[in-house]
Amino acid sequence: MKKELLKYRLLMPAQIEVEMHQAEEGGFWAKVKTFPGVITQGDDLLDLVEMVNVAIHDYLEVPQRLRKLLSRYEPSLTEDEFRNIVEDYRHKQIEETISKIIQSHAILRFDKVPA
């Protein structure tokens, strides 16, 4: 299992580029530019981040039993962007703030974070 796990860890780059959009019918969709043809959607932004990770694991054909052992990808934000999210979260406006951040970036970088 260690060799198999190492194989998938090596296939996952430290950063990926994700193009995120609000869907007209509600929710969000994303194109993972690092992996050609990987497109996914989510009901909200947290769901979308989760679905980006699922789509990458599917693309790399990672067995289910190994997925929890691998790093995951999360959006890379500046300190100001993160501070704004925390502040707006206190005021229950997190979806609106994250939407503004998405609209201000054509492509977001997602960093790999330890499992």
Are any residues in the stretch 44-79 in a helix (DSSP H, G or I) and basic (Lys, Arg), and if so, which ones? Arg65, Arg67
Only residues that are out of contact with any Lys or Arg (no Cβ under 7 Å at 6 or more places or on another chain) and either closer than 22 Å to Arg9 by Cβ or of a type in the set (Lys, Arg) (or both): list them for the stretch 39-59, please. Thr40, Val49, Glu50, Met51, Val52, Val54, Ala55, Ile56, Asp58, Tyr59
Please name all residue pairs, on different chains or six or more residues apart, with Cβ atoms under 9 Å, provided the first residue is in the stretch 16-34 and is aromatic (Phe, Trp, Tyr) and the second residue is surrounded by 17 or more Cβ atoms within 10 Å (Cβ to Cβ) and part of a strand (DSSP E or B). Phe28/Met20; Phe28/Gly42; Trp29/Met20; Trp29/Thr40; Trp29/Gly42
Could you tell me whether the stretch 67-77 includes any residue that is buried (at least 19 other Cβ atoms within 10 Å of the Cβ), charged (D, E, K, R) and touching a residue at least 24 places away in the same chain (Cβ under 8 Å)? yes
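Where a number appears in this text, it was derived from the coordinates with a stated rule and is not lab data. Bear in mind that the values here come from a model prediction, so they are computed numbers and not experimental data. Positions of Cβ are backbone-derived with ideal geometry, glycine not excepted, and every protein chain shown enters the neighbour counts.
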